[in-house]
1. Once both axes come from the Cα atoms, what is the angle between helix 287-310 and the longest principal axis of the chain, in degrees from 0 to 90, rounded to 10?
2. What's the magnitude of the charge dipole for the chain around its Cα centre, counting Lys and Arg as +1 and Asp and Glu as -1 at the beta-carbon? Answer in Debye, nearest 20.
3. Leaving ligands, DNA and RNA out of it, work out the accessible area of LYS79 with a 1.4 Å probe and give it in Å² to the nearest 10.
4. Before rounding to the nearest 500, sum -39500 (n - 2.57) across all DSSP H runs of length at least 4 in the chain and divide by the residue total; then give [θ] at 222 nm in deg cm²/dmol.
5. Please calculate how many Å² of accessible area the chain carries per residue, with a 1.4 Å probe and no DNA, RNA or ligand atoms counted.
6. Among LYS79/LYS234; LYS141/LYS218; LYS184/LYS218, which pairs are too far apart, with a Cα-Cα distance over 23 Å?
7. When the gyration tensor of the chain is built from Cα positions, what are the square roots of 5 times its three eigenvalues, in whole Å, from largest to smallest?
8. Per residue of segment 206-212, what does 6.51 cos²θ - 1.76 cosθ + 1.60 with θ = phi - 60° give for ³J(HN,Hα)? Whole Hz please, x for Gly and Pro, Karplus curve as stated.
Amino acid sequence: MFQRLQQKWKVNGLQLLLILCTFAIGGSLTGFAGKKLMNFFSIEQRWLWVIIYIILITILWPFSVLLVSVFFGQYAFFKSYIRKIGKRIGIGKTINNRQTTIGNDQKKANDQHEAIPLITHHSSLTNIAIFASGAGSNAQKIIDHFRNSNHIKVSLIVCNKPGAGILSIADREGIPALLIDKEKFFRGNAYMDELKEKKIDLIVLAGFLWKIPDELIKAFRGKIINIHPALLPKHGGKGMYGNYVHEAVIKAGEKESGITIHYVDEHYDNGDIIFQARCPVLENDTAESLAQRIHVLEHIHYPAIIEKILGPAK
Ligand code: GRF
């Protein structure tokens, strides 16, 4: 049963324990506060007392668990959990719309794959280019996700590192790969012609270590996304990649880390946030063990978020 819950809620054993404690203490607090409040009403009829008590604890319960969840470090989980319940009983729309607005100056991310702005794609086939320099595990998940799609296609892999794992993936998957040259990328035309020729609608950065030239950002404004292995705006910026990020998170004594999927602008790790997901940082974590936990989150969410922002086929 516990394993099923772990899978369902996508949490590890420790987090599950903290969640269950929150449920237990939050529930007791609700009952206690409910009874205290009922003392204010002098209701004679038993049935009326019961009905009012039920209504009262239904209202009090979300506040109690949210309060308790703060002490157990599970606020993000319960916020999303309660929002889902709200949605199911019909009050979710308002809550969701309010909390998932992604404004320019208000970098709020949301723990659910909802209300994500769509990218307009003009033809019936949407072409993705993945830029990657490393092993390419995220790229592989994205390729797998869209393998059978008849309207979204990974049409190009762009890489700057000869021998990188991503190039073998491209080869095995039969996806055209472009090994780019620094001079041409930064001082040439940033490979715009090649991207246009493939009718690329969305550029997905998945472990690409070079900064994207301004020229390319202007041409693809709002159509370049990146995944960062921490909760931006913390632990981002120049030089913050791979294990450097996880080391910084551990050194800062963070209790929580996660992933940030965001639009790319002219500055490192700065564009509007599309989505964040969280995981705990454990006491004995090393950069490697934390990286593993983060990779799991990346693999679950990146392909799904890409599908969301591309929207349905026209
Ligand atoms: C990921 O952790 C991603 O967050 C970062 O680079 C890493 C790429 O890993 N931008 P992989 O090559 O996809 O395995």
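The values are calculated or read from the model by the stated rules, or taken from the named source; none is laboratory data. Remember, predicted model here, so these are calculated numbers, not experimental data. All Cβ positions, even for glycine, are placed from backbone atoms using ideal geometry, and neighbour counts span all protein chains on display. Accessible surface areas use protein heavy atoms only, side chains included; no ligands, DNA or RNA. Shrake-Rupley method; radii C 1.70, N 1.55, O 1.52, S 1.80 Å.
1. Between helix and principal axis, roughly 80 degrees.
2. Working: 38 positive and 27 negative charges, 216 e Å.
In total the dipole reaches around 1040 debye.
3. Near enough 70 Å² of accessible area.
4. On the way: 12 runs with 153 residues, N = 314.
Mean residue ellipticity, 222 nm, calculated: -15500 deg cm²/dmol.
5. Numbers: 17110 Å² over 314 residues.
That works out to 54 Å² per residue.
6. Values: LYS79/LYS234 21 Å; LYS141/LYS218 28 Å; LYS184/LYS218 17 Å.
Going by Cα-Cα distance, LYS141/LYS218 fall outside the 23 Å limit.
7. Numbers: eigenvalues 386, 93, 56 Å².
After scaling each eigenvalue by five and taking roots: 44, 22, 17 Å.
8. Going residue by residue, I get 9, x, 9, 8, 8, 6, 7 Hz, with x marking Gly and Pro.
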